[in-house]
Amino acid sequence: MTINVIEGGFQGYHNYYHPEEFFKTDATKGAIYLHDGERAAKVNESFINGLHLGIEEEIGDSSGLLMYQCGQQWATLDMKRFNERMRHEYGGSKLDIWQMNKQFVMETWWWPLTIQGFGGWHLTLGDKDNEALQSKGLTVIELRNSAVAQSMALAGKPVCHMYAGLFSGVFSFYDREERGCIEIQCYAMGNDVCKFLVGPSKLMNSAEFWSKEGATANEVLAKLG
Ligand SMILES: [Zn+2]
């Protein structure tokens, strides 16, 4: 993949449809930067696979929790940057993300991650057939092409702990209340998409219990809905 250096700013752009609009490179430093100046690194599936297996080898079963916490910390840092960007780009330098439509905010936050290779998502926010779940503060996220699950395709169990932590952190930041997230279905278990449930921690504990007992994603959602 070739990444071009783009001179000048991106004022006027709200979305970035081509990698050339999103990434900048500095050949003298050997560095890649995202459109807002944050430094990035390009890695392949073997790196992600090695990272997860290496951590699991070192600390065993708690490796999932560690990746989850990494995702949460990433979310906190990312949302602070994101809120700044949104305030200037859409809020006339006055409105914060909490004063904007939640679904719009979430979609705008995720879009750059799709360009970076983290996959495409679908949220149940605003879906009519999920009103019962939404009334309890629960959101279902469907994720296609999870970078983690694709690198560990035959794991036979949910592996996208970093994503779950990321979603937990982002929803906690936006809702200003602690939100948990569990992956109730994963591509690495043979499913076509990964499915996550985000919501109040107490309900997440129940969902996690049922999931560990062998309940499918639909069974977990039916019990909660
Ligand atoms: Zn997954």
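The values are calculated or read from the model by the stated rules, or taken from the named source; none is laboratory data. None of these values were measured; they are calculated from a predicted model. Note: ideal-geometry Cβ built from the backbone for every residue, glycine included; neighbour counts use all protein chains shown.
Go through segment 135-168 and count every residue that is away from the ligand (no atom under 13 Å from the Cβ) and surrounded by fewer than 19 Cβ atoms within 10 Å (Cβ to Cβ). Let's see the steps before the verdict.
First pass over segment 135-168, keeping only residues away from the ligand (no atom under 13 Å from the Cβ): 135-140, 168.
Keeping just the survivors that are surrounded by fewer than 19 Cβ atoms within 10 Å (Cβ to Cβ) gives 135-137.
Final tally of qualifying residues: 3.
Which of the residues belonging to segment 200-225 are in contact with a helix residue (DSSP H, G or I) (Cβ under 8 Å, 6 or more places away or on another chain) and more than 14 Å from the ligand (Cβ to nearest atom)?
Listed by number, the residues that qualify are LEU203, SER206, ALA207, TRP210, ALA215, GLU219, VAL220, LEU221, LYS223, LEU224, GLY225.
Given LEU125, LEU143, which one is closer than 21 Å to THR108 by Cβ, assigned by TED's automatic domain parsing to the domain that holds ASP61 and part of a loop (DSSP other than H, G, I, E, B)?
The conditions single out LEU125.
Taking the conditions exactly as written (at positive phi, modelled with pLDDT of 95 or more and within 16 Å of the ligand (Cβ to nearest atom)), does GLY119 satisfy them or not?
yes
List every residue pair whose Cβ atoms lie under 8 Å apart, where the two residues are 6 or more positions apart in sequence or sit on different chains, the first residue falls within segment 126-147 and is polar (S, T, N, Q), and the second residue, located anywhere, is within 16 Å of the ligand (Cβ to nearest atom) and part of a loop (DSSP other than H, G, I, E, B).
ASN145/GLY119; SER146/PHE118; SER146/GLY119; SER146/CYS160; SER146/CYS186
Between residues in segment 185-198 that are near the ligand (Cβ under 8 Å from one of its atoms) and residues that are among the hydroxyl-bearing types (Ser, Thr, Tyr) and not in a strand (DSSP E or B), which pairs lie under 6 Å by C-beta distance while being six or more apart or on different chains?
If the second residue must be among the hydroxyl-bearing types (Ser, Thr, Tyr) and not in a strand (DSSP E or B), the pairs left are TYR187/SER146; CYS194/SER146; CYS194/TYR187.
For PHE171, state whether it is within 15 Å of the ligand (Cβ to nearest atom), within 27 Å of LEU77 (Cα to Cα) and in a helix (DSSP H, G or I).
Working: within 15 Å of the ligand (Cβ to nearest atom): no; within 27 Å of LEU77 (Cα to Cα): yes; in a helix (DSSP H, G or I): yes.
So PHE171 fails the test.
With respect to VAL159, determine if the residue is of a type in the set (Val, Ile, Thr), assigned to a helix (DSSP H, G or I) and in contact (Cβ under 8 Å) with a residue 24 or more places away in the chain.
In short, no.
Given the conditions (1) more than 15 Å from the ligand (Cβ to nearest atom); (2) modelled with pLDDT of 95 or more; (3) of a type in the set (A, V, I, L, M), report the number of the one that ALA132 does not fulfil.
In the conditions (1) more than 15 Å from the ligand (Cβ to nearest atom); (2) modelled with pLDDT of 95 or more; (3) of a type in the set (A, V, I, L, M), ALA132 misses (2) alone.
Filter segment 175-184 down to the residues that are of a type outside the set (Val, Ile, Thr) and more than 8 Å from the ligand (Cβ to nearest atom) and list them by number.
ASP175, ARG176, GLU177, GLU178, ARG179, GLY180, CYS181
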